[in-house]
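Peer 1: My structure is below; once you've seen it, I'll send some questions.
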Amino acid sequence: MTTPPGPPRVLFLDSAPFCGGAQESLLSLLTALHGQNQAAILLTADRSPNGLGERAQAAGINTAVITARHWRKSLSGLRQFWVDGRAAAPFLLQAMHEFQPDLIHCNGIRAALLYRLAMPGGSRRLPVVIHDRDLRLPFGTRAWLARSLTPHVAAISSTVASHWQRCLPPRQIHVVPNGFPLPDIMATAPAALPFAPGAAAGNAAGPGMTSVILPADFVPWKRHELFLRTMAQARQQQMPLRAILRGRVRDSDGSRLLDRLRQQAAALGLTPDVLSFVTGPGPALPWIAAADIVFAGARHEPFGRTIVEALALGKPVVATPTAGAPEIIADCPAITVAMDDPTALADALAAWLDPERRRQCAAAARARAECFSLSRHVAGIQAIHARCLE
């Protein structure tokens with residue numbers, strides 16, 4: 001295939017029925033490409049208010065909505081996947097006929113699975129890029145996609161890329177970390193922290209108090225329970241800490257998890273004047289901007305988006321070894337890595353109670369965040385598109 005003149009025409013496919021970190025990253029990429037007048041169309045399953053579809057349309061990006069669910073790893077989830085694939089086929093075929101793309105960019109493994117199922121073999125003639133953002137996949141999924149689509153892979157971290165090494169030749173595997181609109185993040189106005197009594201607007205809770213936040217939607221692998229146990233340990237050590245647990249409830253499983261976490265907090269003695277649950281819609285950035293320390297304890301995190309956002313805001317981070325990609329957490333003086341133990345993590349938090357130390361590390365935090373600028377990310381993705389069409 002010969003490379004078409006100018007930037008390629010790209011069909012972006014996203015199958016998530018919600019707007020999470022992967023969709024935020026895709027929106028940043030699409031907005032940047034749109035600013036460069038690159039022809040693109042987005043097919044998304046997100047119909048949520050102020051979600052990916054709505055915001056992409058508002059930004060002037062050519063957008064169409066498909067129907068897809070967040071398939072569970074079960075027999076019923078497999079059945080939903082098959083139904084959604086059949087339903088998406090006519091939308092994909094219509095978009096390909098009208099837009100005439102040069103390549104397909106699947107935002108995540110689930111989008112690649114949807115594309116593989118929806119498109120008949122004869123229609124899968126275009127080059128495919130899989131933007132892999134996941135570590136938790138059923139066995140053999142990557143190998144099946146590698147055989148059936150022969151894609152180029154844009155892995156968001158070296159950890160993710162390593163899972164493709166047995167499936168694809170090295171020339172088809174590329175590490176492109178997520179990109180962030182850093183000036184916009186740095187300009188974020190802080191939220192007013194909701195502690196009472198005695199908490200001033202925008203202040204942690206009075207003189208001498210330090211605020212720590214876990215920004216993570218309510219999915220089990222984010223390990224909110226570890227954060228609660230760490231806070232209980234910190235309180236036993238009489239640390240002047242107050243905590244914010246900021247997340248969104250995506251589905252019924254998330255709602256049940258939130259209920260269990262509230263019960264756990266009460267059992268640990270974490271009363272509302274010590275711990276606040278913030279579960280409404282909207283971004284976590286204003287809450288990260290308001291806090292003094294950011295906690296990251298996810299298990300097998302493929303990247304660590306909120307860690308970069310915290311660093312861009314000049315915030316120190318306490319993380320577990322699996323809470324972020326090595327590209328982010330390794331050797332950064334603004335990040336303390338502690339083992340998966342509440343005592344060790346509480347001790348790590350204690351090291352950041354000194355406001356002067358936090359101020360001294362703010363510049364180092366922002367310098368690490370600069371490694372994940374949106375311009376670098378866009379250039380990396382465009383290089384993969386060009387390589388895909390060689």
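Peer 1: Just to be sure, is Ala243 buried (at least 22 other Cβ atoms within 10 Å of the Cβ), of a type in the set (A, V, I, L, M) and assigned to a helix (DSSP H, G or I)? Give the derivation first.
Peer 2: Working: buried (at least 22 other Cβ atoms within 10 Å of the Cβ): yes; of a type in the set (A, V, I, L, M): yes; assigned to a helix (DSSP H, G or I): no.
Criteria not met by Ala243.
Peer 1: So, in the range 1-19, of the ones that are surrounded by 19 or more Cβ atoms within 10 Å (Cβ to Cβ) and part of a loop (DSSP other than H, G, I, E, B), which residue ends up modelled with the lowest pLDDT?
Peer 2: Ranking the candidates gives Cys19 first.
Peer 1: Within the range 360-383, identify whether any single residue is loosely packed, with under 15 Cβ neighbours inside 10 Å, without any contact (Cβ under 8 Å) to a residue 60 or more places away in the chain and within 22 Å of Arg235 (Cα to Cα), and answer yes or no.
Peer 2: The answer is no; no qualifying residue exists.
Peer 1: Still on this model: Checking the structure you have, find out if any residue of the range 277-285 is over 13 Å from Phe218 (Cα atoms), assigned by TED's automatic domain parsing to the domain that holds Val318 and polar (S, T, N, Q).
Peer 2: no
Peer 1: Sticking with this structure for a sec: Given the conditions (1) farther than 22 Å from Arg124 by Cβ; (2) touching a Phe, Trp or Tyr at 6+ places or on another chain (Cβ under 6 Å); (3) in contact (Cβ under 8 Å) with a residue 40 or more places away in the chain, and given that His70 satisfies all but one, which numbered condition is not satisfied?
Peer 2: Only one criterion is unmet by His70, namely (2).
The values are calculated or read from the model by the stated rules, or taken from the named source; none is laboratory data. This one's a predicted model, so the numbers in the text were calculated from it and none came from an experiment. Backbone-built Cβ (ideal geometry, glycine too); neighbour counts: all protein chains shown.
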